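A.B. asks: A single structure is presented below for examination.
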Amino acid sequence: MQTGKVSRRPIVLIGGEFWQPINDAIVNATLFHSPPLISAGDENLMHIVDTTEQALEILGLRQTASSPAS
């Protein structure tokens, strides 16, 4: 995404208890490095959620009760 070879889209990681500490370590090692290894705002490219429903909502794929199953 950042090299412009693919379009920007959400990156969703399911399981906050697992992913949040990993994300925090990556952000602390890269954003707060001198000089920073990632740009400010890049830490927001990933969404960490706890449920499939939350992931589907972020991806714009949330199914409503009235919509047919695919």
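The values are calculated or read from the model by the stated rules, or taken from the named source; none is laboratory data. Note that the structure is a prediction, hence the values are computed from the model and not measured. So basically every Cβ, Gly included, is an ideal-geometry build from the backbone, and we count neighbours across all protein chains shown. In case anyone asks, the SASA skips ligands and DNA or RNA and just uses the protein heavy atoms, side chains included. Shrake-Rupley method; radii C 1.70, N 1.55, O 1.52, S 1.80 Å.
A.B. asks: Please work out which residue is nearest to residue 61 (Cα to Cα), limiting yourself to the stretch 1-15 and to residues that are in a loop (DSSP other than H, G, I, E, B) and at pLDDT 85 or above.
C.D. replies: Across the stretch 1-15, the extreme among qualifying residues is 10.
A.B. asks: Six or more apart or on different chains, Cβ under 7 Å: which pairs go from a residue in the stretch 7-25 that's open to solvent by 70 Å² or more (accessible area, probe 1.4 Å) to one that's small (Gly, Ala, Ser)? Could you list them?
C.D. replies: Matching pairs, first to second residue: 14/55.
A.B. asks: One residue is enough: does the stretch 16-31 have a residue meeting the conditions assigned to a strand (DSSP E or B), at pLDDT 95 or above and touching a strand residue (DSSP E or B) at 6+ places or on another chain (Cβ under 8 Å)?
C.D. replies: no
A.B. asks: Of all residues in the stretch 34-51 being open to solvent by less than 80 Å² (accessible area, probe 1.4 Å) and not in a loop (DSSP other than H, G, I, E, B), which is farthest from residue 15 (Cα to Cα)?
C.D. replies: Applying the filter and picking the extreme gives 42.
A.B. asks: Does the stretch 12-64 hold any residues that are more than 15 Å from the chain's Cα centre (by Cα) and among the aromatic types (Phe, Trp, Tyr), and which are they?
C.D. replies: 32
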